[in-house]
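Structure, as structure tokens:
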There are 2 protein chains.
Amino acid sequence: MMRYHKVPEETIKRMPQYLRALLFLRQQSTKYITSRGLSEYVLLNPPQIRKDLSYFGAFGLRGTGYEVEPLIKQIRRILKLDVEQKTVLVGAGRLGSAIARFPGFQRYGFNITDIYDNAGKRIGKKIGKIQIKDVAKLNKIKANSVKIAIIATPPETAQQIADALVKAGVTSILNLTSAYLAVPKKVRVRTVDLAMELGMLPYYT
Amino acid sequence: MMRYHKVPEETIKRMPQYLRALLFLRQQSTKYITSRGLSEYVLLNPPQIRKDLSYFGAFGLRGTGYEVEPLIKQIRRILKLDVEQKTVLVGAGRLGSAIARFPGFQRYGFNITDIYDNAGKRIGKKIGKIQIKDVAKLNKIKANSVKIAIIATPPETAQQIADALVKAGVTSILNLTSAYLAVPKKVRVRTVDLAMELGMLPYYT
DNA sequence: TTGTGCTTGTGTTCACATTCACAAAGTCTT
DNA sequence: AAGACTTTGTGAATGTGAACACAAGCACAA
């Protein structure tokens, strides 16, 4: 019974991958999947998958594999994606607009409820059904209702946006700028700088 | 002398971060930086930074730190970013368009030379100075001249695009779709699924 | 030139993550 | 009902990367 061990951070990072694969399998009307079967969708070996899942409980059926639908529910619960996660987007430029209409977020339980920008010409306009608000009103985010934010502004303004978000009670930030963000320890930042993601590829050629 | 050890993959992933910080420091006219100084820009501790750099040589000056300009050159050389990396972009939708105009790529030596899409209405139009080509002509990529590709299409078409790219001689792919891509071992894929990046954040709240 | 104060470079230690190997438990066939 | 076959769950072994501590080297002042 491993359930009371500390769960490795790497395991947490892989859980969304499992979820993505399972959602795909459900769409294909697959009812059961073995760790071997899953491994073909996530490029990890079967023992790794079994071990990861076992940190949270014994979800499988020996001799059969994992039942897709219940496992989806479990992973959603583990990652706290079973409740709707209200999300704010800051930056309604090209990248921000693309993000706002990105269908993938919904599937994981993220719901973009507010969009902010600092450009006068954009404020008031709509992306989908959401009206763009003035970034100066960021402090009006209802405390405790929005915990997650996405920053898609130019890098120069990212830090001040982050400060405002933290003050408004946001605890997780997806930073899509190239800026390094200084935040209190309790706040979790995940930075995705596309140029940097590319940066390591040529090394291996 | 560690130079002949195998370089950890994690180290390679961090090198672009160092580069980014150094480029910023150069812009600030900083001539020398210590490992401690750098650590404030990349959120890693000084010994980690020194160890990473030492895999490739002794670039520092004891008592002083690292000279910014030469270190930039060294890292660029190590990551093979000192020569221009021709890059193709497939998918000229919202995300693709945002990528195409993204200024960050240039700084790292990536130069988007071709853009492809499958939608008739987009083909022939221009993004910046680059005319969008028909994805059916992907096989016309000059062999050996383009090694890197970015896929920003809907996930359903990502696999067939990847197949075509591999056939055309591309060796590194940045996959911005949620699809898992099956490619030959020699081809390097880096998948960035923004929804998945968000997926792990709520766990820690 | 000698001593003091930094900072790098790295062997060693430690912590964490992955893989292995197999018992336990279920399925299915005969 | 029994045996062959699958597949999970996990303790133990292995592998890999991070952190530490300190010797080696450089700068600068007296």
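The values are calculated or read from the model by the stated rules, or taken from the named source; none is laboratory data. On a predicted model such as this, the values are computed, not experimentally measured, just so you know. A quick note on method: Cβ atoms are made from the backbone with ideal geometry, for glycine too, and the neighbour counts reach across all protein chains shown. Heads up: the accessible areas ignore ligands, DNA and RNA and are worked out on the full protein's heavy atoms, side chains in. Shrake-Rupley method; radii C 1.70, N 1.55, O 1.52, S 1.80 Å.
Which one is nearest to residue B:27 (Cα to Cα), of the residues in the range B:48-92 that are among the acidic types (Asp, Glu) and over 17 Å from the mean Cα position of the chain (by Cα)?
B:69
Which numbered condition in (1) closer than 19 Å to residue A:195 by Cβ; (2) touching a helix residue (DSSP H, G or I) at 6+ places or on another chain (Cβ under 8 Å); (3) open to solvent by less than 80 Å² (accessible area, probe 1.4 Å) is the only one that residue B:13 fails?
Unmet for residue B:13, out of (1) closer than 19 Å to residue A:195 by Cβ; (2) touching a helix residue (DSSP H, G or I) at 6+ places or on another chain (Cβ under 8 Å); (3) open to solvent by less than 80 Å² (accessible area, probe 1.4 Å): (2).
Quick grid of which residues meet (1) more than 8 Å from DNA strand C (Cβ to nearest atom); (2) surrounded by 15 or more Cβ atoms within 10 Å (Cβ to Cβ); (3) modelled with pLDDT of 95 or more:
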{"site": "B:28", "(1), (2), (3)": "yes, no, no"}
{"site": "B:42", "(1), (2), (3)": "yes, yes, no"}
{"site": "B:50", "(1), (2), (3)": "no, yes, yes"}
{"site": "B:57", "(1), (2), (3)": "no, no, no"}
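Can you name every residue in the range B:59-71 that is within 10 Å of DNA strand D (Cβ to nearest atom) and crowded, with 16+ Cβ neighbours inside 10 Å?
B:60, B:65
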